[in-house]
Amino acid sequence: MYRYALKVYGCQMNVYDGDKMKTALKERGWTETGEEEADVVILNGCSIRDKAEQKVWSDLGRFAPRWERERKPFVAVTGCVAQNVGRKMAARFPWVRFVSGPRHIGAVPDGLEKLMASPGETFQFLDDDPRAFIDLPGAPVERVNPWKAFVTIAHGCDNFCSYCIVPYVRGRFVSRPPEDILEEMRTLAADGVLEITLLGQNVNSYGSDFSDGYTFANLLRDGALKTGVRLLRFATSHPRDFTPDIVDTMAEHSPVICPSINLPIQSGSDRILSLMNRGYSVERYRETVSLIRSRLPGVGLTTDLIVGHPGETEEDYRQSLKVLEEFRFDLVHSAAYSPREGTAAARREDQVPREEKMARLNEVNRLQSGIALEINESLVGSLFTVLLDDVAPRGEELLQGRTPSDKVVLVEGGEDMLGRFVPVEITRADNWCLSGRIVENRK
Ligand code: SAH
Ligand code: SF4
Ligand code: F3S
C-alpha cells in the first residue's frame, strides 16, 4: 500500500490532529516511513506567528531537487497553515498536491487515496465558512507517545483576540459532546495511555454552547472518575472565563487532576489587555491567581505573554515586566507580536518597530529565566511522583517525565522504565528543567 511521512508543527492541537490522521491512515493500510521513501509527505503546519509559517515554506523548498529527478513525493499541507496560506503554497510549488484545513481533517484519508489514484490532480479541502467542520472519528490510537495522549474537547474559538489568527483558521467554537470525549478517554486508557491532556483554546468555555448546563468542571470530574485515566491535565484556560468550580474540582480529584494551570495573561497593562479584547483586567487576573494558589498548594502556574502589541508603549511594557515579578510564573511562553493578515491588530497603524519588540522580548526572557531558576532551585530536595514518559532528547540512559505541577524532570534510567510511576527526589535545578534520582523503598 501507500507510504506517508508526517511532520507536525505548532501546538498540541496539531499533534492531536496528526495522531488522528496516523490512526485513520493505518486503518486503511498506509504505512508511516521517512520522507525519503514516502509517496506523500504530510506537513501539518501552524500559522500562529510568521515564524511558524516560514518553517513550512522553507520545508516545502527542500523538495525541489527530488521533484526534478523523480516527480516525487507529493506533499500534503494540512493544519492551520493550510487554511491560512495553503492555496498560495499550492500555487507556488507543483509538488503541493493536497491542501486541507484543520476543519477538514475528516477529508484527509479519502482525499489522499484519491490523490494516489489521480496523480495529475491537485486536491483542496478548504472552506471559508467558519462553521464548516468535517471531523475524523475515532481515538488517536497511533500516537507519538504510547503513555500520554491529547483529547480535543472543543473546536475553534470565538474570542477574536485582536492579534490572533486561530478563530479564522479553526473556525467557530463548538464543544464536543461529553459522551464522545469520555468514550475516547476510555479507549485511550484501555490502550495503555496513563496521562491525558484535554485541549481547547479556551477550555473554560467548554459547554457554553450546550443547553443542559454541563460545564468544564463537570467534564473534569467525569474524566477523573469514569475513564480509568491516571493523570489528567488540560490547556488552555482563559482568565476571563476561569471559574472557582474548576479549582474546587481539581482539589477534590487530586492527584488524578494535576495541579498545573496555564493561564495566559498576554500583557500586564490594562490598556493593552483592552486593545487585545481579552475581557479581563490585571486585578481580575490577580484574584484568580490568589484563588488558585490558596486552593492548590504546589500548583504550577504558567502563562503566555506577547510583547510589542500595536500601541504598546514603554510604560505598558514595564507593566508586563512588573506582573512577571509579581506572579512569579513557573514558565512564560513569551513571543514578540507578529502581525497576522486579516486580524484587527494587524490593521493598526501604531505598530511597534521590530528591533524594539526584540529588545523587549530579550529582557522579558532574561527576567523570567532568573525567576524560573529561583523557583526550581527551591524544589531541590523535594520528592515527586513522576511518570517516566519519554527518552530525554539529549544524553544516554536519560529519561524524562513531569512533576504533577508540569515541570520537566530528567532521571537516569533505561528504556525498560518507561511508562512507570516512580518517586523522584530533585537533585538539581536548571531554569528550564529539573534533574532528579529515583528513590526506591523510601519510608
Ligand atoms: N487560546 C490561548 C492561546 C492560543 S495561541 C489563549 O487565549 O491564551 C498561543 C499563544 O500564541 C497565545 O497565548 C499568544 O501568546 C501567542 N500568539 C498568538 N497570536 C500571536 C501573534 N499574532 N503574535 C505573537 N504571539 C501570538
Ligand atoms: Fe486566539 Fe484569543 Fe482564541 Fe486564544 S482565546 S485562540 S488568543 S482568539
Ligand atoms: Fe498554531 Fe493552529 Fe495551534 S495556528 S498554535 S497549530 S491552533
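Considering the range 1-32, the residues that are within 16 Å of ligand 2 (Cβ to nearest atom) and assigned to a loop (DSSP other than H, G, I, E, B) include one that is nearest to Ala154 (Cα to Cα), namely Cys11. Among residues of the range 158-174 that are in contact (Cβ under 8 Å) with a residue 24 or more places away in the chain, those with a beta-carbon under 6 Å from a residue that is part of a loop (DSSP other than H, G, I, E, B) and within 6 Å of ligand 2 (Cβ to nearest atom) at least six positions away or on a different chain give the pairs Val166/Cys157; Val166/Gln201; Pro167/Cys157; Pro167/Phe160; Phe173/Cys157. Per the listing Trp57, Trp67, the residue uniquely within 16 Å of ligand 3 (Cβ to nearest atom) and of a type in the set (A, V, I, L, M, F, W, C) is Trp57. Per the conditions (1) of a type outside the set (A, V, I, L, M); (2) closer than 22 Å to Thr236 by Cβ; (3) open to solvent by 50 Å² or more (accessible area, probe 1.4 Å), the sole criterion not satisfied by Glu70 is (2).
Of all residues in the range 241-259, those being more than 15 Å from ligand 1 (Cβ to nearest atom), open to solvent by less than 20 Å² (accessible area, probe 1.4 Å) and closer than 26 Å to Tyr163 by Cα number 0.
Could you check, for the range 221-239, whether at least one of its residues is under 23 Å from the mean Cα position of the chain (by Cα), open to solvent by 50 Å² or more (accessible area, probe 1.4 Å) and within 16 Å of ligand 2 (Cβ to nearest atom)? For the range 221-239, residues under 23 Å from the mean Cα position of the chain (by Cα), open to solvent by 50 Å² or more (accessible area, probe 1.4 Å) and within 16 Å of ligand 2 (Cβ to nearest atom): absent. The condition (being open to solvent by 10 Å² or more (accessible area, probe 1.4 Å) and aromatic (Phe, Trp, Tyr)) is satisfied by just one residue among Phe98, Phe93: Phe93.
Summed over the range 33-56, residues that are assigned to a loop (DSSP other than H, G, I, E, B), small (Gly, Ala, Ser) and within 15 Å of ligand 1 (Cβ to nearest atom) total 1.
Of the residues screened, Val307 is not one that is away from ligand 3 (no atom under 16 Å from the Cβ), surrounded by 15 or more Cβ atoms within 10 Å (Cβ to Cβ), touching a residue at least 12 places away in the same chain (Cβ under 8 Å) and over 22 Å from the mean Cα position of the chain (by Cα). Scanning the range 195-220 for residues that are open to solvent by 10 Å² or more (accessible area, probe 1.4 Å) and either within 16 Å of ligand 1 (Cβ to nearest atom) or in contact with a helix residue (DSSP H, G or I) (Cβ under 8 Å, 6 or more places away or on another chain) (or both) turns up Thr197, Gln201, Asn204, Ser205, Ser208, Tyr214, Thr215, Asn218.
The values are calculated or read from the model by the stated rules, or taken from the named source; none is laboratory data. Because the structure is a prediction, the values reported are computed rather than measured. Methodologically, a virtual Cβ is constructed for each residue, glycine included, from the backbone with ideal geometry; neighbour enumeration extends over all protein chains shown. Side chains included, ligands, DNA and RNA excluded: accessible areas come from the protein's heavy atoms. Shrake-Rupley method; radii C 1.70, N 1.55, O 1.52, S 1.80 Å.
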